Amino acid sequence: MVAMRGFEPLGIALIAIAGGLLLFGGFVLAIGHDPLEVLGVIVEGAFASSFAWQNTLLRAAPLILTGLAVAIPAQVGLVMIGGEGALAIGGLAGASAALALARAGASAPLLILLACVAAMLAGALVNAMAGALRTWRGMNETIASLLLSYIAIAVFNHLVDGPLRDPASLNKPSTAPIPEALLMSAMPGTELHWGLAIGVVAALLAQIFVSRTSLGFAMRVAGGNLRAARLVGLPVASLLVAACALGGACAGLAGAIEVLAVHGAANASLLAGYGYTGILVAFIARQQPLAAVPVAILLGGIAAAGSLLQRRLDLPDATTQVLQGLLFVSILASEALYGRINWRLRPLGLRTRGPAPASQP
């Protein structure tokens, strides 16, 4: 018999997704709609046309990076859920840096690069503080990152509504708009901005980092057993804080891309829940950075289909959030399946039962 050890994560993820869809089907039946029709509209709104694919991929770009904000700290055994705050602060820092450099007359490529670096540093700072509280004060990192996210969002709202507000933004408080010539352009031959490519490259680099480098291996050792990591002399405290900072940098970069490529300014539109959906991305991807790419596309498609559900079936836009929530519950419940399913195949031509016949003299 052939053991399919590598199939277990994918197989259980597919089982969990199927379970979430069944739960969603029950919910749709309860509110008086046909589950197959609703799922068909979701597929149509997400993947059935070039316009649908464009909306899906635009939403997937920040989800890849916020998924990495959870997946990278998970390598050291930490559950960080503060991506929304890191994204907000990163977007604000990126917008502020872009406006300052624009007044200094910097070129567009340099402006975009420096704005992204400023956003990454701001996001890294937010998450690094949660890692520091976990490392040196013993505070639970999940609670610390969530509370710091709330604080970061409050700081974001205060600055956008107050000191950094553009007086011309009457109905929707925003920072001053970034000059159009300095915004991130679309990829050649498409209407998609470069954020998608940046997210895919970031996921690839993160996968190489955690699986092919000595530092990534040290992080995984610390995540497997902190006591063993200390016994072999690994700098556990530094590894924990560094992993949190790297994750926060990814979320901050997502905020900068949203400002520079989508909104053109920092405002409340940044707070679209990408940081929270990134948690689901990372869990479905089993904390594997590269696997976050297809999962982000799937969840981006589900979110993009919300408006079509509203127009076609008169369902609220939040219906897709119910689906995402049920998928999250199903993924968490599926953790109990690991190690309990016998993923084995029997090669053709071999007997499946009974002992081999004894040879005759």
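Values quoted throughout were computed directly from the atomic coordinates according to the rules given, and no laboratory measurement underlies them. What you see is a predicted model; the values in this text were computed from it and never measured. We place every Cβ from the backbone using ideal geometry, glycine too, and count neighbours over all the protein chains shown.
Please list the non-local residues whose amide H lies under 5 Å from the amide H of residue 174, H modeled 1.01 Å from N, same-chain partners needing a gap of 5 or more.
For residue 174, the qualifying residues are 166, 169.
Just to be sure I understand, if you calculate Cα extents along the principal axes in Å for this structure, which of [x] 52, 44, 40; [y] 98, 59, 39; [z] 60, 49, 48 do you get?
[y]
So for region 191-271, what percent of the C-alpha to C-alpha distances run longer than 17 Å?
Values: 1851 of 3240 pairs.
Taking all Cα-Cα pairs of region 191-271, the fraction more than 17 Å apart is 57 percent.
When you count, for each residue, the other Cβ atoms within 10 Å and take the mean per peptide, how do 157-164, 79-86, 27-34 rank with the highest first? If you can, show how the numbers build up before the last one.
Details: 157-164: 14.9, 79-86: 29.8, 27-34: 13.1.
In decreasing order of mean packing, 157-164, 79-86, 27-34 become 79-86, 157-164, 27-34.
So what is the 222 nm mean residue ellipticity for the chain from helices alone, if each DSSP H run of at least 4 adds -39500 (n - 2.57) and you divide by all residues, rounding to the nearest 500 deg cm²/dmol?
Details: 14 runs with 238 residues, N = 361.
Rounded to the nearest 500, it is -22000 deg cm²/dmol.
How large is ³J(HN,Hα), in whole Hz, for each residue of region 268-284 in order, when computed from phi with the Karplus curve 6.51 cos²θ - 1.76 cosθ + 1.60 and θ = phi - 60°, using x for Gly and Pro?
5, 5, 5, 7, 9, x, 4, x, 6, 5, x, 4, 5, 4, 5, 6, 5
Provide the per-residue ³J(HN,Hα) series for region 117-124, in order, calculated from phi with Karplus coefficients 6.51, -1.76, 1.60 and θ = phi - 60°, each as a whole number of Hz, with x at glycine and proline positions.
Values, residue by residue: 5, 4, 5, 5, 5, 5, x, 4 Hz.
Please list, ordered by chain and number, the residues whose modelled amide H lies under 5 Å from the amide H of residue 193; skip anything fewer than 5 residues away on the same chain.
Here 187 satisfy the definition.
Place the peptides 35-47, 239-251 in order of packing, highest mean first, counting for every residue the other Cβ atoms within 10 Å and averaging per peptide.
Working: 35-47: 17.5, 239-251: 28.5.
In decreasing order of mean packing, 35-47, 239-251 become 239-251, 35-47.
Rank by packing, highest mean first: peptides 287-294, 274-281, with packing defined as the count of other Cβ atoms within 10 Å averaged across residues.
In decreasing order of mean packing, 287-294, 274-281 become 274-281, 287-294.
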